[in-house]
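The values are calculated or read from the model by the stated rules, or taken from the named source; none is laboratory data. Everything numeric in this text was worked out from a predicted model, so none of it was measured. All Cβ positions, glycine included, derive from the backbone under ideal geometry; neighbour counts span all protein chains shown.
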């Protein structure tokens, strides 16, 4: 760049220098202190450790269905102990993971049960044959059995909900290689087909049945439940560590920038910025108004009597 081009350049406002002066003024008015601190390096993220949930009593090799009581409480939900598990992230998730339409997202694999009844964790898929030439499929959650779809000679007519589509497709095409089935018992109202009552293993009140007068109020009916050989692989056995930025552990020292006994080294307080300002002041093509702005800013920063001021004077900056 020749001397003429440089002259043209410096006839225009120096926006970068103006910004540096503004930043220096802001730093002086907001703190006025030079602080030395001890800080750590932060913590890198360590994801949770995931593995199969413990099956406990739901293990197909030693399966134990919880006692459902005597059926006297008509409002009671089924006893589903063992069908959900709480992991180290505090999430309550299904012990089983074969249920379709459940997705997991985020750092903690948060489950989305939105297509299931009331958005509650589905626990298992059950079915029975108490329908005309068809099979009835249910989803079990904490509220009880939720009839979903009937498949067979008399399949539930469409249009289907998202859940019905998922269950229907799973029944027809889902991988069941890791599944077995177990008979479970759940209380419900008396079930009838073509005017005939289905028999049950237990009734409430206990002295009644489908053949007494009056008849029983409820019956303990058998259902078949799909049971996997391994638990939900989204079970967190270790919570991991969330990432943390570096943080200040302690303040080592805090000095007033105008303290004449304090000298932080070769023109501290933003050495790059100060050096650029000094270079601009020395440049013969810097406009006089800009040189005056630089002098005014340095005069505010390096207080009279301070070593910073004496250093600037030694560098040729005309501070009195």
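Return the total of residues in the range 303-320 being in contact with a helix residue (DSSP H, G or I) (Cβ under 8 Å, 6 or more places away or on another chain), part of a loop (DSSP other than H, G, I, E, B) and touching a residue at least 24 places away in the same chain (Cβ under 8 Å). Step through it out loud before you land on a result.
Of all residues in the range 303-320, those in contact with a helix residue (DSSP H, G or I) (Cβ under 8 Å, 6 or more places away or on another chain) come to 303, 308, 312, 315-319.
Right, trim to part of a loop (DSSP other than H, G, I, E, B) and you get 303, 315-319.
Adding the requirement that they be touching a residue at least 24 places away in the same chain (Cβ under 8 Å) leaves 303, 315-317, 319.
Of the residues in the range 303-320, 5 are in contact with a helix residue (DSSP H, G or I) (Cβ under 8 Å, 6 or more places away or on another chain), part of a loop (DSSP other than H, G, I, E, B) and touching a residue at least 24 places away in the same chain (Cβ under 8 Å).
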Does residue 46 satisfy the condition of being surrounded by fewer than 17 Cβ atoms within 10 Å (Cβ to Cβ), over 30 Å from residue 165 (Cβ atoms) and modelled with pLDDT under 95? yes
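If you take the residues of the range 171-203 that are part of a strand (DSSP E or B), over 43 Å from the mean Cα position of the chain (by Cα) and touching a residue at least 60 places away in the same chain (Cβ under 8 Å), which of them is farthest from residue 230 (Cα to Cα)?
Taking the range 171-203 first, the residues part of a strand (DSSP E or B) are 179-189, 192-193, 196-197, 203.
Going one step further and asking which of them are over 43 Å from the mean Cα position of the chain (by Cα), we end up with 192-193, 196-197, 203.
In the following step, the residues that additionally are touching a residue at least 60 places away in the same chain (Cβ under 8 Å) were identified as 193, 203.
Working: 193: 37, 203: 34 Å.
Filtering the range 171-203 for residues that are part of a strand (DSSP E or B), over 43 Å from the mean Cα position of the chain (by Cα) and touching a residue at least 60 places away in the same chain (Cβ under 8 Å), the one farthest from residue 230 (Cα to Cα) comes out as 193.
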Of the candidates 219, 206, 236, the one satisfying the condition of being in contact (Cβ under 8 Å) with a residue 24 or more places away in the chain and either part of a loop (DSSP other than H, G, I, E, B) or in contact with a helix residue (DSSP H, G or I) (Cβ under 8 Å, 6 or more places away or on another chain) (or both) is 206
Where residue 100 falls short, out of the listed (1) in contact (Cβ under 8 Å) with a residue 24 or more places away in the chain; (2) in a strand (DSSP E or B): (2)
Against the definition (assigned to a loop (DSSP other than H, G, I, E, B) and either surrounded by 13 or more Cβ atoms within 10 Å (Cβ to Cβ) or assigned by TED's automatic domain parsing to the domain that holds residue 58 (or both)), how does residue 111 come out, yes or no? no
With the requirement that a residue be more than 16 Å from residue 113 (Cβ to Cβ) and not in a helix (DSSP H, G or I), what does the range 149-170 give you? 149, 150, 151, 152, 153, 154, 155, 156, 157, 158, 159, 160
Scan 92, 75 and give me the residue that is assigned by TED's automatic domain parsing to the domain that holds residue 175 and out of contact with any strand residue (DSSP E or B) (no Cβ under 8 Å at 6 or more places or on another chain). 75
Check off (1) farther than 22 Å from residue 76 by Cβ; (2) touching a strand residue (DSSP E or B) at 6+ places or on another chain (Cβ under 8 Å); (3) surrounded by fewer than 13 Cβ atoms within 10 Å (Cβ to Cβ) for residue 163 and give me the number that stays unchecked. (3)
